[in-house]
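Novice: Below is one structure. I have some questions about it.
The values are calculated or read from the model by the stated rules, or taken from the named source; none is laboratory data. Since this is a predicted model, take the numbers as computed values, not measurements. As a convention, Cβ positions derive from the backbone with ideal geometry for all residues, glycine included, and neighbour counts pool all protein chains shown.
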Number of protein chains: 2
Amino acid sequence: MTEVVADVAAALAAALPGRVVTDRHAMEAYRRDQCLLAPAGRPAAVVRARSTDDVITTLRTAGDHHAPVVTRGAGTGLAGAANAIDDCVVLSLTGMDRILSLDVPGRTAIVEPGVLTGVLDARAREHGLWYPPDPGSKAISTIGGNLATNAGGMCCAKYGVTADHVAALTAVLADGRVIRTGPPTRKNVTGLDLTRLLVGSEGTLAVIVDATVRLRPLPAATATAVAAFPTPQQAVDSVLRIAAVADPAAVELMDRTCIRAVNRLTRMGLDESSGALLLVQCDGPSADQEAATCARLAEAGGATEVLHTADPTEGEMFMQARRMVYPALERLGTTLLDDVGVAVQDLPRLLAAIERTAADHGVLVGTFGHAADGNLHPTVVYDATDRDAADRARAAFDDIVAAALVLGGTITGEHGVGSLKTPYLDAQLGPTERELMTGIKGVFDPGGILNPGRGY
Amino acid sequence: MTEVVADVAAALAAALPGRVVTDRHAMEAYRRDQCLLAPAGRPAAVVRARSTDDVITTLRTAGDHHAPVVTRGAGTGLAGAANAIDDCVVLSLTGMDRILSLDVPGRTAIVEPGVLTGVLDARAREHGLWYPPDPGSKAISTIGGNLATNAGGMCCAKYGVTADHVAALTAVLADGRVIRTGPPTRKNVTGLDLTRLLVGSEGTLAVIVDATVRLRPLPAATATAVAAFPTPQQAVDSVLRIAAVADPAAVELMDRTCIRAVNRLTRMGLDESSGALLLVQCDGPSADQEAATCARLAEAGGATEVLHTADPTEGEMFMQARRMVYPALERLGTTLLDDVGVAVQDLPRLLAAIERTAADHGVLVGTFGHAADGNLHPTVVYDATDRDAADRARAAFDDIVAAALVLGGTITGEHGVGSLKTPYLDAQLGPTERELMTGIKGVFDPGGILNPGRGY
């Protein structure tokens with residue numbers, strides 16, 4: 001351990017008794033998120049913050065020692081944004097897990113960053129409200145992590161992403177000063193939008209210590225439609241036709257590889273001759289007729305098997321097929337989960353490019369995702385014990401990102417850049433845009449201690 | 001005319017033949033927006049840009065001469081953000097008025113900043129789509145001005161503000177470099193959100209030269225409910241109850257002064273014994289039943305007169321009462337139109353404070369606005385020929401802004417800060433937040449030529 005590292009660890013331990021972990025084995029659990037592709041360094045210390053004051057002390061101390069700070073929640077991230085940097089301070093916020101207030105008539109909650117998103121949603125539901133953003137990890141991921149990555153999910157189709165549900169934030173700057181964005185009024189045009197700037201900034205600008213989030217009244221009803229199409233093109237055409245007349249909460253797509261994988265895991269008996277499966281969930285007072293309309297449009301669009309139901313349990317069973325995709329793919333091998341986005345009407349071209357990529361590199365790619373948002377998760381499945389297969393998998397992953405860019409899309413729709421996709425940034429952002437982002441970072445964090453080298 | 005001013009005017013005239021106005025009388029029309037309270041300087045030159053290249057040349061030339069640049073659209077702004085600064089270059093974008101593309105299946109349009117918002121909406125409607133943001137000025141204001149102020153309107157209650165409908169922007173920096181925010185995918189988390197940073201920045205960061213905006217499918221039906229309440233408190237209670245079960249496109253409030261003013265102008269025969277009138281517009285496939293629900297809730301909430309209709313013409317007639325409020329108040333004297341926001345449940349307290357303010361200063365204040373967003377437009381009406389009345393009107397205006405801040409609200413919900421509200425900024429923003437905003441401005445515009453001294 002270098003002297004500098006020992007210094008910052010000792011200074012933190014002295015300043016924050018009982019909050020600091022420096023044991024190498026104990027720190028192991030704080031080194032990584034869920035992204036296996038990105039490297040993870042060895043931290044100098046881990047701070048388990050319990051309060052805003054703990055965060056302030058951590059940032060000031062790290063700043064004094066020029067130590068990088070990697071802020072993390074539950075570590076469910078998929079882009080390595082929370083992976084440790086060598087000799088950094090890992091700032092864990094899972095201990096700041098209080099719901100500070102729940103204003104039912106005002107339909108807002110003030111939460112600390114360590115609150116699990118699923119817990120917030122469950123608390124809201126006790127009062128006839130809900131918190132819409134629903135990343136797949138919502139039961140185990142924190143709202144702070146969701147804010148840092150501007151997390152999406154299935155019901156973004158209708159309700160938008162995490163940023164669309166944030167009214168105001170309190171955050172600590174790198175130098176320990178506390179800022180408050182907002183006010184949490186529904187409309188506010190006083191000054192620049194610092195709230196939107198912080199959401200999705202992946203721990204590079206400031207550390208969010210509380211968030212005022214918006215809740216919605218629970219919809220009166222939900223209804224679900226499922227449609228199996230011979231080709232992905234027909235499925236996407238139906239997505240566009242559905243979007244023209246209905247406003248479904250979720251429109252999810254699974255390709256043939258995913259259908260087969262789910263069948264293998266669950267024996268659900270999905271039609272393996274289909275080229276694509278579409279799952280549509282509608283909500284609100286006219287959910288049933290909306291789902292029926294979606295089903296009718298899917299049938300007119302060439303779907304060979306169409307079902308729709310207003311029974312919530314049956315609907316949940318259908319959606320379960322979609323939720324099982326990733327676990328089902330994981331059963332087939334090691335997975336590289338991608339997260340690209342294009343305009344919805346470009347999805348067939350993206351899907352075709354993914355198919356070509358799989359063939360070119362001789363790898364299996366299962367593709368699923370949020371069709372109404374044009375946001376897909378092509379997942380390369382490979383044998384990690386085979387070095388050549390791993391290289392081909394990585395090459396396929398790169399080609400998929402490139403294909404999204406060729407179509408004018410994005411290298412990440414909802415998982416974030418992290419350390420995984422930093423190498424791809426120049427392929428999407430122009431040098432002037434990157435220069436602006438770096439400049440903004442310099443305004444918030446002149447010493448460059450917050451998650452340096454990541455995000456943009 | 002100083003030498004510097006003559007220099008920049010001559011340089012622009014030489015660089016942009018046919019585009020530059022320097023005649024003092026001709027420049028008069030470019031000196032002001034609709035805000036009478038804010039001062040307006042005398043420009044050195046007006047550039048009527050027709051292309052991105054014109055904008056680049058204008059900014060480079062102004063930068064070379066250290067001349068401030070005030071960018072403007074149709075001049076319908078209400079906060080003096082487009083008022084000229086002495087010796088500035090006014091950059092008018094009304095000549096950049098092309099709709100560059102309209103993608104019906106993708107539901108996006110690419111527009112130049114000088115396109116009138118109403119024209120964009122009308123073009124979208126020809127294809128079964130619409131552009132939701134509907135500031136009162138939409139027939140005569142440009143999309144560029146709407147973007148610069150992050151304009152709101154009536155149907156923000158359901159559809160959000162201008163920023164919620166922007167997918168990507170092309171903009172010119174102060175030094176003439178062109179940036180592209182985006183891509184226009186529905187989800188994108190690559191880097192910081194430059195789109196949201198530019199929207200609402202009131203011409204201080206960059207000049208937007210095209211915008212990719214999102215359109216929506218036209219709703220299947222609309223229905224309208226009107227309810228007259230004895231007190232504003234009852235009206236607001238009903239707004240909260242309605243919001244818990246329905247999702248109206250617009251929820252508009254008018255106080256007794258507004259009711260009387262509209263009656264005087266239109267002979268509509270609104271009930272002048274009411275303390276507040278609520279107008280609720282619902283849309284979508286279940287609009288009729290939703291409006292009926294709203295009417296029922298209003299009645300249960302103490303409304304003395306309740307009507308609802310699924311007839312679009314009749315509904316439009318009801319909404320017309322709301323649209324006539326401002327013209328009706330203008331008939332009563334000179335008006336100071338304010339634009340404050342609070343949490344919805346704080347509206348009764350804001351309304352009570354406004355009433356006290358009117359009594360304290362002996363002025364007439366008519367209050368109307370977007371109840372579901374907590375965004376009101378208290379309008380002080382006075383006799384501009386009476387110096388003392390003008391002073392009292394201004395004092396009342398100040399007190400209303402202060403009342404919103406006491407309630408944790410905002411000094412501007414949708415009109416912007418401009419030059420009108422710059423003096424109030426320190427009452428809402430902390431010094432650290434302002435420092436960050438100024439720092440961001442320095443990143444985009446290091447020479448400080450873009451609308452200096454305004455917005456934050």
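Novice: Look through the stretch A:403-433, keep the residues that are surrounded by 21 or more Cβ atoms within 10 Å (Cβ to Cβ) and on the phi > 0 side of the Ramachandran plot, and return whichever of them is farthest from the other protein chains (Cβ to nearest Cβ).
Specialist: Result: A:Gly418.
Novice: Only residues that are hydrophobic (A, V, I, L, M, F, W, C) and either without any contact (Cβ under 8 Å) to a residue 60 or more places away in the chain or outside the structural domain of A:Thr185 (by TED's automatic domain parsing) (or both): list them for the stretch A:153-172, please. If you could, list the steps in order and put the result at the bottom.
Specialist: Within the stretch A:153-172, the subset hydrophobic (A, V, I, L, M, F, W, C) is A:154-157, A:161, A:163, A:166-169, A:171-172.
Result: A:Ala163, A:Val166, A:Ala167, A:Ala168, A:Leu169, A:Ala171.
Novice: Can you go through A:Leu194, A:Leu129 and tell me which one is within 9 Å of chain B (Cβ to nearest Cβ) and surrounded by fewer than 23 Cβ atoms within 10 Å (Cβ to Cβ)? Reasoning before the result, please.
Specialist: Working: A:Leu194 fails: surrounded by fewer than 23 Cβ atoms within 10 Å (Cβ to Cβ).
The match here is A:Leu129.
Novice: Return the only residue of B:Leu351, B:Leu425, B:Leu436 being more than 30 Å from A:Lys441 (Cβ to Cβ) and of a type in the set (A, V, I, L, M, F, W, C).
Specialist: Numbers: B:Leu425 fails: more than 30 Å from A:Lys441 (Cβ to Cβ); B:Leu436 fails: more than 30 Å from A:Lys441 (Cβ to Cβ).
Among B:Leu351, B:Leu425, B:Leu436, only B:Leu351 is more than 30 Å from A:Lys441 (Cβ to Cβ) and of a type in the set (A, V, I, L, M, F, W, C).
Novice: Still on this structure, I have one more. Just to be sure before I move on: is A:Pro184 under 17 Å from the mean Cα position of the chain (by Cα) and touching a residue at least 60 places away in the same chain (Cβ under 8 Å) in the structure I sent? Quick ask: steps written out before the conclusion?
Specialist: Working: under 17 Å from the mean Cα position of the chain (by Cα): no; touching a residue at least 60 places away in the same chain (Cβ under 8 Å): yes.
So A:Pro184 does not fit the description; no.
Novice: Within the stretch A:56-72, restricting attention to residues that are of a type in the set (S, T, N, Q) and assigned to a helix (DSSP H, G or I), which residue is surrounded by the fewest Cβ atoms within 10 Å (Cβ to Cβ)? So that I can check it myself, show each step before the final result.
Specialist: Within the stretch A:56-72, the subset of a type in the set (S, T, N, Q) is A:57-58, A:61, A:71.
So of that shortlist, the ones also assigned to a helix (DSSP H, G or I) come out as A:57-58, A:61.
Working: A:Thr57: 20, A:Thr58: 29, A:Thr61: 26.
Selected residue: A:Thr57.
Novice: Which of (1) closer than 13 Å to A:Leu205 by Cβ; (2) modelled with pLDDT of 95 or more; (3) at the interface with chain B (Cβ under 9 Å from one of its Cβ atoms) does A:Leu450 not meet, given it meets every other one?
Specialist: Among (1) closer than 13 Å to A:Leu205 by Cβ; (2) modelled with pLDDT of 95 or more; (3) at the interface with chain B (Cβ under 9 Å from one of its Cβ atoms), A:Leu450 violates only (3).
Novice: Hey, another quick one. Counting residues that are among the charged types (D, E, K, R), which strands (runs of 3 or more DSSP E) fully inside the stretch B:197-290 reach at least 3?
Specialist: Details: elements: B:207-214, B:222-229, B:250-255, B:276-283.
No strands (runs of 3 or more DSSP E) qualify here.
Novice: Cβ contacts < 7 Å: first residue more than 10 Å from chain B (Cβ to nearest Cβ), restricted to the stretch A:224-241; second residue acidic (Asp, Glu) and crowded, with 24+ Cβ neighbours inside 10 Å, any location; separation 6+ or different chain. Result?
Specialist: Partner pairs satisfying both residue conditions: A:Pro232/A:Asp255.
Novice: Does A:Val209 satisfy the criteria of being under 23 Å from the mean Cα position of the chain (by Cα), under 30 Å from B:Lys421 (Cβ atoms) and more than 10 Å from chain B (Cβ to nearest Cβ)?
Specialist: On the way: under 23 Å from the mean Cα position of the chain (by Cα): yes; under 30 Å from B:Lys421 (Cβ atoms): yes; more than 10 Å from chain B (Cβ to nearest Cβ): yes.
It is true that A:Val209 is under 23 Å from the mean Cα position of the chain (by Cα), under 30 Å from B:Lys421 (Cβ atoms) and more than 10 Å from chain B (Cβ to nearest Cβ).
Novice: What's the number of the only condition in (1) in contact with a Phe, Trp or Tyr (Cβ under 9 Å, 6 or more places away or on another chain); (2) part of a loop (DSSP other than H, G, I, E, B); (3) of a type outside the set (S, T, N, Q) that A:Val46 fails to meet?
Specialist: (2)
Novice: Same structure again: B:Ala122 passes all but one of (1) without any contact (Cβ under 8 Å) to a residue 24 or more places away in the chain; (2) within 12 Å of chain A (Cβ to nearest Cβ); which number fails?
Specialist: With (1) without any contact (Cβ under 8 Å) to a residue 24 or more places away in the chain; (2) within 12 Å of chain A (Cβ to nearest Cβ) applied to B:Ala122, the lone miss is (2).
Novice: Take the residues in the stretch B:362-381 that are in a strand (DSSP E or B) and aliphatic (A, V, I, L, M), then tell me which one is surrounded by the most Cβ atoms within 10 Å (Cβ to Cβ). Before you say what the answer is, go through the steps one by one.
Specialist: Looking only at the stretch B:362-381, we keep the residues that are in a strand (DSSP E or B), and these are B:364-370, B:375-381.
Next, from what is left, pick out any that are aliphatic (A, V, I, L, M): B:364-365, B:376, B:380-381.
Details: B:Leu364: 19, B:Val365: 26, B:Leu376: 26, B:Val380: 29, B:Val381: 21.
Filtering the stretch B:362-381 for residues that are in a strand (DSSP E or B) and aliphatic (A, V, I, L, M), the one surrounded by the most Cβ atoms within 10 Å (Cβ to Cβ) comes out as B:Val380.
Novice: Restricted to the stretch A:266-288, and to residues that are farther than 24 Å from A:Leu376 by Cβ and crowded, with 20+ Cβ neighbours inside 10 Å, which residue is farthest from the chain's Cα centre (by Cα)? Lay out the reasoning, then the answer.
Specialist: Within the stretch A:266-288, the subset farther than 24 Å from A:Leu376 by Cβ is A:267, A:269, A:284-288.
Still in the list and also crowded, with 20+ Cβ neighbours inside 10 Å: A:284, A:286-287.
Numbers: A:Gly284: 25, A:Ser286: 30, A:Ala287: 27 Å.
It comes out as A:Ser286.
Novice: Any idea how many residues of the stretch A:102-125 are over 21 Å from the mean Cα position of the chain (by Cα) and part of a loop (DSSP other than H, G, I, E, B)?
Specialist: 4
Novice: If you go through the stretch B:289-303 one residue at a time, do you hit one that is touching a Phe, Trp or Tyr at 6+ places or on another chain (Cβ under 7 Å) and either more than 14 Å from chain A (Cβ to nearest Cβ) or surrounded by 23 or more Cβ atoms within 10 Å (Cβ to Cβ) (or both)? Walk me through it before giving the result.
Specialist: From the stretch B:289-303, those touching a Phe, Trp or Tyr at 6+ places or on another chain (Cβ under 7 Å) are B:302-303; that's our starting set.
If we keep only those that are either more than 14 Å from chain A (Cβ to nearest Cβ) or surrounded by 23 or more Cβ atoms within 10 Å (Cβ to Cβ) (or both) as well, we get B:302-303.
Yes.
Novice: Do the conditions hold for A:Ala384, that is, is it aliphatic (A, V, I, L, M), outside any strand (DSSP E or B), more than 10 Å from chain B (Cβ to nearest Cβ) and surrounded by 15 or more Cβ atoms within 10 Å (Cβ to Cβ)? Even if it seems obvious, please write down each step before you answer.
Specialist: Numbers: aliphatic (A, V, I, L, M): yes; outside any strand (DSSP E or B): yes; more than 10 Å from chain B (Cβ to nearest Cβ): yes; surrounded by 15 or more Cβ atoms within 10 Å (Cβ to Cβ): no.
Spelling it out, it is not the case that A:Ala384 is aliphatic (A, V, I, L, M), outside any strand (DSSP E or B), more than 10 Å from chain B (Cβ to nearest Cβ) and surrounded by 15 or more Cβ atoms within 10 Å (Cβ to Cβ).
Novice: Got a number for residues in the stretch A:183-207 being polar (S, T, N, Q) and within 30 Å of A:Ile85 (Cα to Cα)? Write out each step before concluding.
Specialist: First, the residues of the stretch A:183-207 that are polar (S, T, N, Q): A:185, A:188, A:190, A:195, A:201, A:204.
If we keep only those that are within 30 Å of A:Ile85 (Cα to Cα) as well, we get A:195, A:201, A:204.
Final tally of qualifying residues: 3.
Novice: Could you say which residue among B:Gly275, B:Gly333, B:Gly269, B:Gly301 is at pLDDT 95 or above and on the phi > 0 side of the Ramachandran plot? Write out each step before concluding.
Specialist: Values: B:Gly275 fails: on the phi > 0 side of the Ramachandran plot; B:Gly269 fails: at pLDDT 95 or above; B:Gly301 fails: on the phi > 0 side of the Ramachandran plot.
Among B:Gly275, B:Gly333, B:Gly269, B:Gly301, only B:Gly333 is at pLDDT 95 or above and on the phi > 0 side of the Ramachandran plot.
Novice: Does at least one position in the stretch A:309-325 carry a residue that is more than 26 Å from the chain's Cα centre (by Cα), within 19 Å of A:Ala244 (Cα to Cα) and assigned to a helix (DSSP H, G or I)?
Specialist: Looking for residues that are more than 26 Å from the chain's Cα centre (by Cα), within 19 Å of A:Ala244 (Cα to Cα) and assigned to a helix (DSSP H, G or I), one finds none in the stretch A:309-325, hence no.
Novice: Against the definition (assigned to a helix (DSSP H, G or I), of a type outside the set (Val, Ile, Thr) and touching a strand residue (DSSP E or B) at 6+ places or on another chain (Cβ under 8 Å)), how does B:Leu37 come out, yes or no? Working first, answer last.
Specialist: Numbers: assigned to a helix (DSSP H, G or I): no; of a type outside the set (Val, Ile, Thr): yes; touching a strand residue (DSSP E or B) at 6+ places or on another chain (Cβ under 8 Å): yes.
No; evaluated as a whole, the condition is false for this residue.
Novice: Checking B:Ala384 against (1) among the aliphatic types (A, V, I, L, M); (2) more than 30 Å from B:Cys282 (Cβ to Cβ); (3) at pLDDT 95 or above, only one condition comes out false. Which one?
Specialist: For B:Ala384, the exception is condition (3).
Novice: Give the residues of the stretch A:397-451 that are in contact (Cβ under 8 Å) with a residue 40 or more places away in the chain and part of a helix (DSSP H, G or I), sorted by residue number.
Specialist: A:Phe397, A:Asp399, A:Ile400, A:Val401, A:Ala403, A:Ala404, A:Val406, A:Ile440, A:Lys441, A:Phe444
Novice: Go through the stretch B:352-381 and report how many residues are within 14 Å of chain A (Cβ to nearest Cβ) and touching a residue at least 40 places away in the same chain (Cβ under 8 Å). Reasoning before the result, please.
Specialist: So in the stretch B:352-381, the residues within 14 Å of chain A (Cβ to nearest Cβ) come out as B:369-377.
Now restrict to residues that are touching a residue at least 40 places away in the same chain (Cβ under 8 Å): B:369-373, B:375-377.
The number of residues fulfilling the criteria is 8.
Here is a yes/no grid of residues against (1) surrounded by fewer than 24 Cβ atoms within 10 Å (Cβ to Cβ); (2) touching a residue at least 24 places away in the same chain (Cβ under 8 Å); (3) over 23 Å from B:Gly416 (Cβ atoms):
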site: B:Ala38; (1), (2), (3): yes, yes, no
site: B:Asp54; (1), (2), (3): yes, yes, yes
site: B:Ala74; (1), (2), (3): yes, yes, no
site: B:Ala82; (1), (2), (3): no, yes, no
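Novice: Can I ask one more? Before we move on, is B:Asp134 closer than 30 Å to B:Met254 by Cβ, away from chain A (no Cβ under 12 Å) and among the charged types (D, E, K, R)?
Specialist: yes
Yes/no per residue for (1) more than 9 Å from chain B (Cβ to nearest Cβ); (2) at pLDDT 95 or above; (3) in contact with a Phe, Trp or Tyr (Cβ under 9 Å, 6 or more places away or on another chain); (4) more than 28 Å from A:Ala246 (Cβ to Cβ):
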| site | (1), (2), (3), (4) |
| --- | --- |
| A:Tyr159 | yes, yes, no, no |
| A:His165 | yes, yes, yes, no |
| A:Leu173 | no, yes, yes, yes |
| A:Gly176 | yes, yes, no, yes |
| A:Arg186 | no, yes, no, no |
